[in-house]
């Protein structure tokens, strides 16, 4: 047991926990996971190099050791999290949690999250208390295929192992860099874009196994490695294009520490550091469910006090897990002597966890008698047809889907353009188009609002492509010769590149004026729909937790109603072809915005209208649209 590796584990789990508790202070703490990947790749490969599997029985022995080491604690935390979720989390989250618990139990959680990451609305869902299992899924997938590949290479030609490792490492790194550029959400989670980090540790292990050492340079090399990790922890943030080439900083740093092998006496041998290293696995398992659930269980907002409770519970539960679950089962003589018993334990743990997930998703939400027209669970699913119809261009905006509703052969064509806050008007416009015999065409892009300016997406390619998408969509609308263009956007979803408020609003208003001029110069009337008020959080979640008093979910008007540069530009337009519809008063009085209107839950998340409530506003949209068309006649 190398004390430097235990200290590196302690560092990795500490920065991950710190990032989840205080992301603004430890902005790059997520790289602790990458450090774990390198350590895992190193230790597993060194073990396999020293005791190479030469038969099916040898592979089974390896996997059985992994099962005893990892599965019991992971299963206990998953089941405990399901129980805690049922007690304290809103029923609107049960379906997502259940799906991700199954993904975690089957160790494909990273692929579940990769699928969600490409869906703007899914990415905005409240974080589940088990989403951190994505990294464990990648490791388990590595543990499955890497021993087989090593066994195959060693059986064919032992000398090729370094070359094969380098080849797979290089291919994975190249794909990671490429995918981070074109689809950063997926790149963060999918195994092919991450496995190079484990293989970096594997390369160090192969070098060590072949006698490579640094007897005179251990101290300096370890310090350089620690400096690289520290730099990433405090200088990286959510805007860093990650993993890609940026992940080389913390991972190469971890590899240098492992290669240096500074296992002599030093501060890293302190009992507290070694203990955190020993407990790093259960600490990682427990901390995130506690971060998510503790404030809701205590009925308070996140504070330093709740953070302290999370830390104390994490340490206590981790110690209990090590004492009563991890060590007893890992070294139990009966399990060690019988691989079948070990794999039976795996099957039972998986079945129990998946059964708990099913029970959670089947649980009633407890709001059936609240007097609402639909339950919060139903409201969360009550989304406009443009979502299931896949009518969106999503980052990095390489597609230009156009969906058609109403009477496609009509001479009266209405074009709807904007981001998701235009998309939630599709049900109202579809109802109007159906009744009036109009055609409705949608030009929608997630988060990308309709200005000829650079919007500060995390990925520069998305910034470039959003701007190009807007220009092309406006031209396609003009070429379609519409009777009316309806435009709506949430402008503050992402900032303009290089600008801060209030300057950004002034620049955006001028850019929106140019967008309106592009349309009105062609004689096309435009209806601007002012952006709707923003709730403080997910409205269905809030109502599910407060069904007896939905007023808790209200928000002061001066906080909920954000400035809308598009509406301001529309009101300032003097062409006579631009009108503005503002439905704020349907949701707000002079002081308060409410998101349960009558018996209707108005939003399916924090700021998007349910399809039902959108249709409730169809009369206002109908009147404004017909007036806009008449004024241009």
Protection proxy ranking of 280-291, 66-77, 545-556, 395-406 - average other beta-carbon atoms within 10 Å, highest first: 280-291, 66-77, 395-406, 545-556
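How do 542, 466 line up, fewest other C-beta atoms within 10 Å first?
Values: 542 24, 466 27.
If I rank by nearby Cβ atoms, fewest first, I get 542, 466.
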Simple spin-label estimate for residue 332 and residue 320 in nanometres, 7 Å along Cα-Cβ: 1.9
Two-site FRET efficiency, residue 269 against residue 214, from Cβ-Cβ distance with R₀ of 30 Å, rounded to 0.05: 0.90
Theoretical FRET efficiency, 1/(1+(r/R0)^6), r = Cβ-Cβ of residue 43 and residue 436, R0 60 Å, to 0.05: 0.30
Value of [θ]222 nm, deg cm²/dmol, for the chain, DSSP H segments ≥ 4, -39500 (n - 2.57) each, nearest 500: -18500 deg cm²/dmol
Distance between the stretch 558-633 and the stretch 135-171 - C-alpha centres, whole angstrom: 57
The stretch 349-417 versus the stretch 1-32: alpha-carbon centroid distance in Å: 37
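Within 10 Å of each residue's Cβ, count the other Cβ atoms and sort 605, 181, 409 from fewest upward. Can you show the working numbers first?
Values: 605 23, 181 17, 409 7.
Result, fewest neighbours first: 409, 181, 605.
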The chain: angle of helix 195-209 to the longest principal axis, Cα-based, in degrees nearest 10: 20
Using alpha-carbon coordinates, inclination of helix 426-436 to the longest axis of the chain, degrees: 30
Whole-number D in µm²/s for the stretch 302-348 (Stokes-Einstein; Kirkwood sum over Cα pairs; 20 °C, 1.002 mPa s): 168
Paired Rg and Dmax values of the chain, which use every Cα atom, in angstrom: 27.7, 87
For the stretch 496-548, radius of gyration divided by Kirkwood radius, i.e. Rg to Rh on alpha-carbons: 1.23
Extension reserve of the residue 562-residue 106 stretch, reckoned as 0.36 nm per residue once the Cα distance is removed: 159.9 nm
Footprinting exposure proxy for 188, 512 (fewest neighbouring C-beta atoms within 10 Å first): 188, 512
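Contour minus end-to-end for residue 548 and residue 381, with contour as 0.36 nm per residue of separation and end-to-end as the Cα-Cα distance? Let's see the in-between values first.
Numbers: separation 167, 0.36 × 167 = 60.12 nm, distance 2.12 nm.
Between residue 548 and residue 381, full extension yields an extra 58.0 nm.
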The stretch 3-361 - convex hull of the alpha-carbon atoms, volume per residue in Å³: 136
Percentage relative contact order, the chain, counting C-alpha pairs under 8 Å, at least six apart: 15
Alpha carbon centroid spacing (whole Å) that separates the stretch 434-510 from the stretch 200-253: 42
Label-point separation in nm, residue 2 to residue 574, each point 7 Å along Cα→Cβ: 7.4
On Cα atoms only, tilt of 248-260 relative to the major axis of the chain in degrees: 10
Chain lengthening between residue 390 and residue 298 when straightened (0.36 nm per residue, less Cα-Cα): 29.2 nm
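Each reported figure results from applying straightforward, stated rules to the coordinates on display, with no laboratory input. All figures in this text were calculated on a predicted structure; none of them were measured in a lab. When we count neighbours, we look across all protein chains shown, and the Cβ atoms used for this are built from the backbone with ideal geometry, even at glycine.
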